[in-house]
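What follows is calculated from the coordinates using simple rules that are stated; it is not laboratory data. Since this is a predicted model, take the numbers as computed values, not measurements. No Cβ is skipped: glycine too gets one built from the backbone with ideal geometry, and neighbour counts run over all protein chains shown.
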Amino acid sequence: MADTTVGCTVNGVARRSTVEARRTLADFLREDCGLTGTHLGCEHGVCGACTVLVDGEAVRSCLMFAVQAEGCEITTVEGLTSPDGTLSPLQAAFREEHGLQCGFCTPGFIVSATAFLRDRPHPSEQEIREALSGNLCRCTGYQGIIKAVASVAAEGRG
Amino acid sequence: MKPSAFEYHAPRSVEEAVGLLSELGDDAKVLAGGQSLVPMLAMRLAVFGHLVDVTRIPELRGVGPAADGSVTIGAATADTALERDAGLGRTVPLLPRVTPLVGHFQIRNRGTLGGSVAHADPAAEYPAVVLALDAELAARSVRGERRLPAAGFFDGLWSTALAPDELLTSITFPVWSGRCGFGVAEFARRHGDFAIAGAVVGVELDGDDRMRRAAVGLFGLGPTPVRAGQLEKEVGGRPVTDCDAAQLGAIAVSDLSDVPSDMNGTAAYRKRVGAAMVARAWSSAVTEAQQARSGQEVHHG
Amino acid sequence: MTGMRYVGQRVVRREDPRLVTGHGTYVDDLPARDALHVAFVRSNVARGRIVHLDTAAALEVPGVVAALTAADLNGLVREEWLDYEGPPGPGPRREFRLLADGDVRFVGEPVVMVLAESRYAAEDGAELVDLEVDPQPPVVRMEDAVAPGAPLVHPHRSSNVAGRITPPEDPELDAVFASAAHVVTETFDQHRYTCVPLETRGILASWDPFRAQMQVWVSTQGPHGVRTQLARVLGLGEHQVRVVMPDVGGGFGQKMFLVPEEIGVPLASRLVGRPVKWIEDRRENLMSGQHAREDRVSVSFAVDGEGRILGARADFLENVGAFPAGGASSIGFSSAVFPGPYRIPRYRATARAVYTNTTGRCSYRGPWMVETVAREQMMDRVAAELGMDPLELRRRNVVRGGDLPYTTAAGLTYDQVTAAETLDQAADIAGYDAFRDRQAQLRAEGRLVGIGISLFTEPSGIARGTLSTEAATVRVGFNGKVEVVTSSASHGQSLETTIAQVVADELGVDLDDVMVVQGDTATSPYGPGTGGSRSAVLSSGAARTASRRVRDKIVQIAAHRLEAAPEDLEVSAGRVSVAGTPVAGVTFAELARTAYAAPETLPPGEEAGLEASARYSPSSPFTWSNACHICTCEVDPTTGEVTLDRYVVSEDCGVMINPNVVEGQIAGGVVQGIGGVLYEQMLYDGDGNPLTTTFVDYLLPTTTEVPMIEYGHIETPAPTNEGGHKGLGEGGAIGAPPAVINAVNDALAPCGVRLTAQPLGPAQIIAALETASAPAGERSH
């Protein structure tokens, strides 16, 4: 059934697996790698909950097939936290600013914002809003999310 | 929401890719950024036995100057690369200016210029830029290379002049010089959505503030992107002060047929918004051109 | 005694470290190694006869294990009724069936359940099921459902009316209307939109024949309700069903009750002898995962010359779809709450809920809220009729402190509300008068700016019938740390934090020494779960009561040990000491050791252990909170786009446990309301085909569409519970729609436009402006 091998690095760990060609990167990360922090909220590239970094760039992992990640370095939300459990500045800020409720969309927001602040460390509020507009949240009304990203930017912690 | 099974191919050269397309026929589909194709596969609205991933072909990526002063961009160049390219802001300013309007940044990190143009969504920005600037498209197949003018390339809803076994390899954009200005305006329900209607405008003024040339591309206003030919003809040689933006907007949409009607608006609504977008894009293009003094190189943001 | 160290503080959440790092566990994250995955074959016809159904080709697909139809599954359902409804009686029942049998009644209705080794394979199989339906004309719009000769959605019923309220005529009210200075009548429509939790539904079920136990993990708002219902469905004792609610990614009402697809999963597991898992995909969720709203309300107000409302009539029409969820019809609540925060002396309401060939209705954050949507538009409509400012009209009619206790014409009693205070506070924060001045200037420039008010009371802490109670057990462990086990469980409401705040304060321990345990029927006491804005009142009430019992015991034991009078003791940070002599004290750990391991040293008659349980019901079935929303907007006369500028909420939820959580609940609800008015719509075509089944078509608001929300808090303790809390989880979504609608209509007023149906998308606004043919004033940007 069109199986292909894929080799990539996920959160610093080298992986090699045989997968169906049609297996999405999101399913590969969740099921083959056991990294269930990457969530599937729509599977058609709109909600952003499955956002991961591929070679440092934020992408929708539901819109990539695992086989396309051959040779890539992938970072998921789990990979943003220090091994000792210390939260990343954005992870801490989401907590401090009440930037989450049910938490389902949160990994996608944090991964997206991590890439955004790396490229644009001192954004305006409007730039933050535009950067995060590709992630959907249904609980918070986005208030705490915008504040969290702005607070990290203001402190230069991105 | 999981796609049907397919065979995956990752050719490393254009030659290999077009060989696969030729061999596999209609059951094969080119996979570029996949940001439009993969959702259709996931919903099983599209089913292919083979996907030919062209993002591993180095020669399809990058922005390079051509000998005649034009700029040639590899079809598999990511949208983000256009946004970040330092030179494009001076040479083909419309490209970096429309790019932030293409979806969201996570989409632009995977989406490609050629993928968008070959997908030919009538509400997308890049096809309208290609059409407005009279870009030239290079296509390869096992039968050789063809160079296609933008005019006529978009020949129907999600349809282009590319043959089924052809791969879009690059797009060449002319570089405008002189007192030029460019403008982009679109209206979408939400930031990052496909536009209900939009316009890209390029103008060049002579030393007397007369219109030397104007190029206006419309999107979201038909089954394909559309060139506002009547408008372009009317303004030719006219003093810029005689060109009323609102009037030009009305002219641009006056002879449109096949304007779509859907839950986001009737054809009449889209034309109304389209006219306003032409006016807005026109005004900003003209302002920019007027600020450029004669004989000086324009530094486009 | 103890003080309030934590209640009222912006304590950061205990839930967050796992959720921000990707270590939460939602149902799809659970290991399910041997599970079969489900894909449903669904009807693509709104109404019709099934003329052919063949699953043979699906069974040939590699990985497909079974393809179950109504013939396989429907007969296995022993009893499907909910606690909420009670066992079947003589009256008509809520319509239910597991899989379509013989006919189909809405697009998306499940017909075949395909089980396979992966979801990929299950979808491959589903694609090959041969289903042929002979289409018949459907009933799509609710007005068509009650038209003479309408086709019947459910052929065995005599009409499409699912529920009806028809009180006796009221001649006195008729007389009020006959003599009133003004009679204003208007009909308001609310379109269909829905909950859309970011996590879709999901369930994993595993039948263990050796323990004779069904174990279920499900994304739900209440594990106990799931258990009692599934026990009935399966014909098992409750003790044979264990339901675990892991982390849940939002519900908003949609996950209060199981849908037929979910009920099929444990049945299939027992049938095939394997764990079975179904994760609803987004298209399923939008198409058939149940919808909300879609109402029509016709309102008449009789008003005197000074703007005092003398009487009101309202007629409600509600679309419940083909197979509504339990308790989904809100006509009883909507019509009862309609008088809201105003003194309306006489009132009569009629209502009908109707079946249509569309996806069933479910509860959604303030399921009755159409009453506020209609009433608050009506207030603006009446103000316009009288030439009075809408704020002034509300001030003249609002229930004031001196009126309390106030019983509305619908018979509901407000022991305490502060509607007038929130109205004033919101107007003050929003700078209402200054806005009106500025609006006059901007209107002169041709700009369309508006301000909208919405004022309402919220029946929170709903405690009636099976919703009457929640429970908690508080126990101090052997080492002196505290666990609180709650019947209710959070699906985003932050209960792990807020309940811990309450318990820490009541017991006198550090917050870090309290752990909230929730969501497993094997460990938690029975309770209906979240919904009806009830947790702050009922769950905290249970936790507080249990904590007090434990603390009393701790004080008694400590007094005995310290040879002090109980009233001379202080409890703080997990230690009991003699007031004024802090060195004379004893820690919880020492007391626990005594309580568990040296019961002979306890005061005479004291029971061993440091644990207490409480089941709590507030002193009233409703704990009324109230709020006022004011927003301002600008409408682009060229595109019709609405931009919200300011959004102010003044609310009174009594004593706040955690202002972050309060404001978070408000903001989430407000943005759902904004989305509903400006962006979201579940749209059907005339044949009953849903047109908005992806996130490309069903438009949720994003960061670029929402304003920053400004809050005003008035904290008037609720008389119904010891903590003085009032719920407010639903209020944001109740108050926001009419505030936004009123603001848009205020902006459009100079053009002679008043819209009474939504969504207020840009195309709809331009169409209305063009129809009104008032000069809209082209602007160039």
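Annotations
- Between region C:218-278 and region C:192-207, the alpha-carbon center distance in angstrom: 11
- For chain B, adding -39500 (n - 2.57) for each run of n ≥ 4 DSSP H residues and dividing by the number of residues yields -9000 deg cm²/dmol at 222 nm.
- Computed over region B:1-102, the range of Cα coordinates on each principal axis works out to 44, 31, 17 Å, biggest value leading.
- Using the Cβ of B:ALA150 as centre and a radius below 10 Å, the other residues enclosed give a net charge of -1, where K and R count +1 and D and E count -1.
- Note on the protein assembly as shown: dipole from Cβ charges, positive end direction compared against A:THR18, C:THR643, C:THR545; the farthest Cα belongs to C:THR545.
- For chain C, the membrane-span-like helix rule (DSSP H, alpha carbon extent of at least 27 Å along the helix axis, mean Kyte-Doolittle at least 1.6) picks out no helix; this says nothing about an actual membrane.
- In plain terms, the C-alpha convex hull of region C:415-537 casts an average shadow of 12.0 nm² when viewed from every direction.
- Of every Cα-Cα pair in region C:223-278, the percent that sits beyond 15 Å: 52
- Working note: Debye formula, equal point scatterers on the alpha-carbon atoms of region C:680-781, no solvent; log10 I(q)/I(0) at q = 0.11, 0.17 Å⁻¹ is -0.58, -1.04.
- Helix content alone sets the calculated 222 nm mean residue ellipticity of chain C: runs of n ≥ 4 DSSP H residues at -39500 (n - 2.57) each, divided across all residues, give -8500 deg cm²/dmol.
- nm² value of the averaged projected area, convex hull over the Cα atoms of chain C: 37.4
- Alpha-carbon centroids, region C:436-503 and region C:654-684: separation in whole Å: 10
- Shown here for region C:439-482: trypsin sites (Lys or Arg not before Pro) in loop regions (DSSP other than H, G, I, E, B) with at most 13 other Cβ atoms within 10 Å, namely C:ARG464.
- Of A:LYS147/C:LYS255; B:LYS2/B:LYS29; B:LYS2/C:LYS277; C:LYS553/C:LYS726, pairs whose Cα-Cα distance is over 19 Å: A:LYS147/C:LYS255; C:LYS553/C:LYS726
- Cα pair count fraction exceeding 17 Å, expressed as % - region C:187-242: 49
- Taking GluC sites (Glu not before Pro) across region C:75-126, the ones in a DSSP loop with at most 13 further Cβ atoms lying within 10 angstrom of their Cβ are C:GLU79.
- Point-charge dipole on Cβ atoms (K/R +1, D/E -1) for the protein assembly as shown, about Cα centre, debye to 20: 720
- Look at the alpha carbon pairs under 8 Å that are at least 6 residues apart: their mean separation over the length of region B:1-140 gives a relative contact order of 23 percent.
- Per DSSP, loop trypsin sites (Lys or Arg not before Pro) in region C:103-198 with at most 13 further Cβ within 10 Å: C:ARG157
- Sorted largest first, the principal axis extents computed over the alpha-carbon atoms of the protein assembly as shown equal 102, 76, 72 Å.
- Size of charge dipole - chain C - debye, nearest 20, with Cβ of Lys, Arg +1 and Asp, Glu -1, no other charges: 1080
- Each part reduced to its alpha carbon centroid, region C:94-144 and region C:564-620 end up 60 Å apart.
- Along each principal axis, taking the top coordinate minus the bottom one, the Cα set of region B:1-49 gives 33, 19, 13 Å in descending order.
- Region C:1-84: Cα Rg divided by the 2.2 N^0.38 Å rule of thumb: 2.00
- Pairwise label distance in nanometres, C:VAL272 with C:MET4, each label 7 Å out on the Cα-Cβ vector: 5.4
- For the Cα trace of region B:77-220, dividing Rg by the Kirkwood Rh returns an Rg/Rh value of 0.97.
- Label zone at C:ARG443 (point 7 Å along Cα-to-Cβ), backbone N below 13 Å, region C:750-770: C:750-753
- In percent, rounded to a whole number, the relative contact order of chain C is 15, using alpha-carbon pairs under 8 Å and six or more apart.
- Computed over region A:1-138, the ratio Rg/Rh where both radii use C-alpha atoms and Rh is Kirkwood: 0.97
- Shown is the FRET efficiency for C:ARG18 and C:THR466, computed with R0 = 22 Å from the Cβ-Cβ distance and rounded to the nearest 0.05: 0.10.
- Positive dipole terminus of region C:424-494, leading residue within C:SER488, C:ALA434, C:SER468 (C-beta point charges): C:SER488
- Using a cutoff of 8 angstrom between alpha carbon atoms and counting only pairs six or more residues apart, the relative contact order for region C:409-566 works out to 23 percent.
- Projected area, mean over directions - region A:2-44, Cα convex hull, nm²: 3.2
- Region C:144-221 - Debye-derived log10 I(q)/I(0), Cα point model, q = 0.14, 0.17, 0.21 Å⁻¹: -0.94, -1.01, -1.06
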